[in-house]
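The values are calculated or read from the model by the stated rules, or taken from the named source; none is laboratory data. This structure is a prediction, so every number in the text was calculated from the model and none was measured. Note that each Cβ is placed from the backbone with ideal geometry, even for glycine, and that neighbours are counted across all protein chains shown.
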Amino acid sequence: MTRSQSAAVWMMLAVCAAGSGTLWAQTTQPRELMVRGKVDSVTVYRGQALVTRGVEIPAAAWTGGQGEVVVSDLPEHLIPGSLFAEGGGGLEVRSVRYRERAVGQDVSDEVRKLDAAARDVADKIAANQKSLQVLAEQRTYLDKLENFAAPTANVEMTKGVLNADQLKTLTEYQFSSRQRIADQELKLLQEARDLNEQQALVQRQKQEIAGKSSRTLREAVVFLGRGENAAGPATGIRLRYLVDGASWSPSYNIRADTAKSSAVVEYQASIQQQTGEDWDNVSMTLSTAAPALIAAAPELKPLTISLVSSVSVGGRGGAIGGGGGGGGGPEVTSSLDYSVVKSSIVVQQQQAELTRNANGNNFQDGANRAVFAENDKQLNTVADRLQVLELLAKDSGRGQSGDRSPTPNQEGVVVTYALPGQTSLPSRSDKQLVQIDRLNVKSSFYKVAVPVLTSYVYDEAELTNTSKIVLLEGPVASYVGGDFVGSGAINTVAVGQPFTVGFGIDSSLRANRERLDRSEQTQGGNRLISYTYRLSVENFGEKPAHVRLMDRIPQGPENEVRVTIDEMTSSGGVALSKDEDYQMGDRKKGILRWDVDVPPNKSGSNAFGLDYTLKLEHDKNLAISTSGVIQNDELRKLLAR
């Protein structure tokens, strides 16, 4: 084959390649084929993504044993060291390298149009300035005319020969001419402003065109060869690379159907895609590998107490304890004192509740879930102060202002998810939501009342992950009957593991807690203090409600403090819950739970009530320490000797 015939063959192959979406590079190496390929699969990690491009090579373009393929238009955020390629159809990848080069664009027509527009604006600006100059000369002439006419008129008036008609005509000419000049000058100044703005716009457009006249092209240069035993035609390669600017986080919509005791979990991924290239109709995988109202009830923390010598009770260490007639620890001796202090703490508790509910929107953003933990911590801190007051106070102050008033309603696991079907995600700044899965889960619904923390009663459900996938930690939006009821969060849930989800406040129920009585006696060398509490639940609805009623008792070292509860009474004689998980877990931490059925239409004095007695027994020469719980200066003053 002659040199001219060979050149004709290569030109024909270039035409074929252009028709199939590929272009031959204008280079001295005739076997460098320019292609773009298509993104066909993406794995999104936390902060990066692994992109796979399929690159087809026309059979007619591969006649020799080796050559270079240049994959162009790679994204801006590509990590060069991650480039990897593999051949198919008898092709072997010998090497892969990354390169960047500046390419020019023909913008001559746009520049010519802008130059013409700039000249036109410049001519108009020059004409405008000339007109302003003429007006300035006319004003100067009028000034000279006025300087001449005024003295002349004075002379004629003294001689008695003043021509009034001529003076009137001259005066009217002066005023009309000055008015005309002012009007024209105003129009010319407005015209000058508009022309200057047009000139600035044309200059900015020229700068933008200049910026577009060259750009950086990112390419992967793949050197290919034919395998020794390759028999079939060369078909293509697959190029893989990591990119920054991509991430995802899980979120959930949980829809409850209480009538059917079922729930549907919609598992979603919020994807950030700012890699610089669009993902169109790709197979997508998500991986955790490394390359306005709160719906859930607040978590009740254990309350720990300890004993110190009664001789140090009066100091700022904050020790507390019973103080019978024999000279014990500090105590509140006045009903009014108790009521005032309790009212102050209740106000703090109500404020903490309102703050917690007001922060519900923060859960739609997983990074803000720390606000949730801080709110629960604050509720527990306030509850600690209230219970410490109850342990110290000599008199409950019933009938005073200490009763709690109802608060007005304010309302690292490695997993991989292959998304079904194909997904398209353009590169843009806003987050894009895709569904990972939709799960029908086993559900058990109940209500939770924690009156030591809040008077609200919450709907909750224990769901069991019966799917085959792990549910990662993430924010939750809760729905009941199609209505949004609140936000929350779940921790990572393993396959088969139960988890709890909140479904908002039940406004037909209200819970309360109060201390009814405190008594003290000495038995041998020990002091025995008894406290009687009442937990009550009001049900304003027409149906009975099954409620988990929660409280807690203080805990201390077994060899120092003995804590027991007895004499539990209620309208149904309810004992502590027999639930196995509760008995093995929270019960050992001092958390109390009763599973009660609250009758309908019960409120006020007819509300469901449960009374229990707490007994603290410890060395009579020791007092209970606050462990830093009491921080309020007013409360510390009231509790001092």
- Item | Residue count for segment 145-181, restricted to those that are at pLDDT 85 or above and touching a Leu at 6+ places or on another chain (Cβ under 7 Å) | 1
- Note on the structure: Among residues of segment 376-406 being among the hydroxyl-bearing types (Ser, Thr, Tyr), surrounded by fewer than 17 Cβ atoms within 10 Å (Cβ to Cβ) and not in a helix (DSSP H, G or I), the residue modelled with the lowest pLDDT is SER401
- Determine, yes or no, whether GLY573 is modelled with pLDDT under 85, out of contact with any His (no Cβ under 6 Å at 6 or more places or on another chain) and either charged (D, E, K, R) or within 24 Å of ALA511 (Cα to Cα) (or both). yes
- Query: Residues in segment 445-502 that are in a loop (DSSP other than H, G, I, E, B) and hydroxyl-bearing (Ser, Thr, Tyr): how many?
  - Reply: 6
- Note on the structure: Selection from segment 264-297 of residues over 25 Å from the mean Cα position of the chain (by Cα) and not acidic (Asp, Glu) yields ASN281, VAL282, SER283
- Go through the residues of segment 96-113 one by one and say whether even a single one is at pLDDT 85 or above and in a helix (DSSP H, G or I). no
- Query: So which residues in segment 260-275 are over 15 Å from SER424 (Cα atoms) and either touching a helix residue (DSSP H, G or I) at 6+ places or on another chain (Cβ under 6 Å) or assigned to a loop (DSSP other than H, G, I, E, B) (or both), if there are any at all?
  - Reply: LYS260, SER261
- Task: Kindly check whether there is at least one residue in segment 70-90 that is part of a loop (DSSP other than H, G, I, E, B), among the small types (Gly, Ala, Ser), surrounded by 13 or more Cβ atoms within 10 Å (Cβ to Cβ) and at pLDDT 80 or above.
- Result: yes
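Conditions tested, residue by residue: (1) at pLDDT 85 or above; (2) farther than 24 Å from GLY276 by Cα.
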position: ASP183; (1), (2): yes, yes
position: LEU188; (1), (2): yes, yes
position: GLU197; (1), (2): yes, yes
position: LYS206; (1), (2): no, yes
position: ILE209; (1), (2): no, no
position: ARG218; (1), (2): yes, no
position: LEU224; (1), (2): no, yes
position: ASN229; (1), (2): no, yes
position: GLY245; (1), (2): yes, no
